[in-house]
1. For the range 236-274, what are the residues that are in contact with an Asp or Glu (Cβ under 7 Å, 6 or more places away or on another chain) and farther than 27 Å from Ser152 by Cβ?
2. Count, please, the residues in the range 127-175 that happen to be in a helix (DSSP H, G or I), crowded, with 18+ Cβ neighbours inside 10 Å and over 23 Å from the mean Cα position of the chain (by Cα).
3. Looking for whichever is touching a residue at least 60 places away in the same chain (Cβ under 8 Å), part of a helix (DSSP H, G or I) and open to solvent by less than 10 Å² (accessible area, probe 1.4 Å) here; the options are Leu278, Leu193. Which one fits?
4. Tell me, which residue of the range 204-224 that is among the β-branched types (Val, Ile, Thr) and open to solvent by 50 Å² or more (accessible area, probe 1.4 Å) is farthest from Val183 (Cα to Cα)?
5. Within the range 236-254, does at least one residue satisfy the condition of being over 28 Å from Pro38 (Cβ atoms), touching a Pro at 6+ places or on another chain (Cβ under 9 Å) and among the β-branched types (Val, Ile, Thr)?
6. Among Gly117, Gly107, which is the only one that is surrounded by fewer than 19 Cβ atoms within 10 Å (Cβ to Cβ) and on the phi > 0 side of the Ramachandran plot?
7. Taking the condition in contact (Cβ under 8 Å) with a residue 24 or more places away in the chain, in a loop (DSSP other than H, G, I, E, B) and out of contact with any strand residue (DSSP E or B) (no Cβ under 6 Å at 6 or more places or on another chain), does Asp250 pass?
8. Just name the residue that is nearest to Gly263 (Cα to Cα) out of those in the range 301-334 that are open to solvent by less than 30 Å² (accessible area, probe 1.4 Å) and touching a His at 6+ places or on another chain (Cβ under 9 Å).
Amino acid sequence: MSIFSHPEYDQHEQISCYHDPETGLQAIIAVHNTNLGPALGGCRMWHYASDADALTDVLRLSRGMTYKSALANLELGGGKSVIIGDPQRHKTPELLAAMGRMLERTGNRYIAAEDSGTSVADLSVMSQHTTNVAGITDRIGIDGAPCNGDPSPATAYGVFTGLKTAVQHRLGCNHLDGIKVAVQGIGNVGYRLCELLHNAGAQLYITDIHPERVAQAQAEFGAVAVDGQEIYSVDADVFAPCALGAVLNDATIPLLSAKVVAGAANNQLAGQRHDLMLQERGILYAPDYALNAGGIIDLYHERIGHEHMKVRAHIETISDTLNEIFRRSEQQKRPTGEIADQLAEERFR
């Protein structure tokens, strides 16, 4: 399995593979860039189809964290870790403890946080064997209520802030009342985003692989449920991808009727050309790593002294960043994703 010639390799500083025969742990840690500070990024546990898929994921996601932190003006670098396995069947306290020991071996270069397939409780187990974890401290959340360290509320609030900014820019509407939003994926972040959108008066169309979540959102938010593939062609103003990446591709972009794409999922574009493809179709793409930075902002403030109103205010600067991206995009007639990359690189290179 090639590393340096891998299509997702991007001058990563460190890529480490770990195996613990006793617990069955198989994990990869990727540190992309530490120019601005230690690499911070989620620890994902996923039932990958192959080791190659796991490597591709960790390379893409770690690079994305560098750009995300830089764009959010944080003194952090970018990294990611993946545990290969089904979190429902293979996760054990012993395996999590082994992952904690693996994290400790990185020194202070990489700090892990919650991600798909892991929880605050899982990171707490890891923290018994390393100091290189974040997001496990009880504190006051951005809504003023007690929080156990879960960054999902902050992430959802950042996406909501960015979505409103994109709607105002593309549709000229300074509110969300009556705006139709198609939400793909209603997990921890997606569900909280639906709640914020519902409270703002938006009409929701939803899809998720878990029927119980769909039923709950229907009951609580009056959301309209649609089948998985139909979410792309819903007559909506905004398409909000909040599940897995690479959902904006040759097959799906022509189906979109929405004029705005703004969601929480990482790596929404299947390829760079899809950034231009959206622009050519008159669809405003709010770059995902600009929108979903609320969680990393929350974790950063946990490290420097958490004051929930300061965290909230920092998250709201996502709107300023997006407006700068949209302005440059229009002036230079270049896709928004390309502009976001340029802006981030100006900060971390």
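1. Ser257, Lys259
2. 0
3. Details: Leu278 fails: touching a residue at least 60 places away in the same chain (Cβ under 8 Å).
It is Leu193.
4. Ile209
5. yes
6. Details: Gly117 fails: surrounded by fewer than 19 Cβ atoms within 10 Å (Cβ to Cβ).
Within the list Gly117, Gly107, the selection yields Gly107.
7. Working: in contact (Cβ under 8 Å) with a residue 24 or more places away in the chain: yes; in a loop (DSSP other than H, G, I, E, B): yes; out of contact with any strand residue (DSSP E or B) (no Cβ under 6 Å at 6 or more places or on another chain): yes.
For Asp250, the condition - in contact (Cβ under 8 Å) with a residue 24 or more places away in the chain, in a loop (DSSP other than H, G, I, E, B) and out of contact with any strand residue (DSSP E or B) (no Cβ under 6 Å at 6 or more places or on another chain) - is met.
8. Per the stated criteria, the residue is Leu322.
The values are calculated or read from the model by the stated rules, or taken from the named source; none is laboratory data. None of the values given here were measured: they were computed from a predicted structure. Every residue, glycine as well, gets a Cβ built from its backbone with ideal geometry; the counts of neighbours run over all protein chains shown. For accessibility, only protein heavy atoms count, side chains too; no ligands or nucleic acids. Shrake-Rupley method; radii C 1.70, N 1.55, O 1.52, S 1.80 Å.
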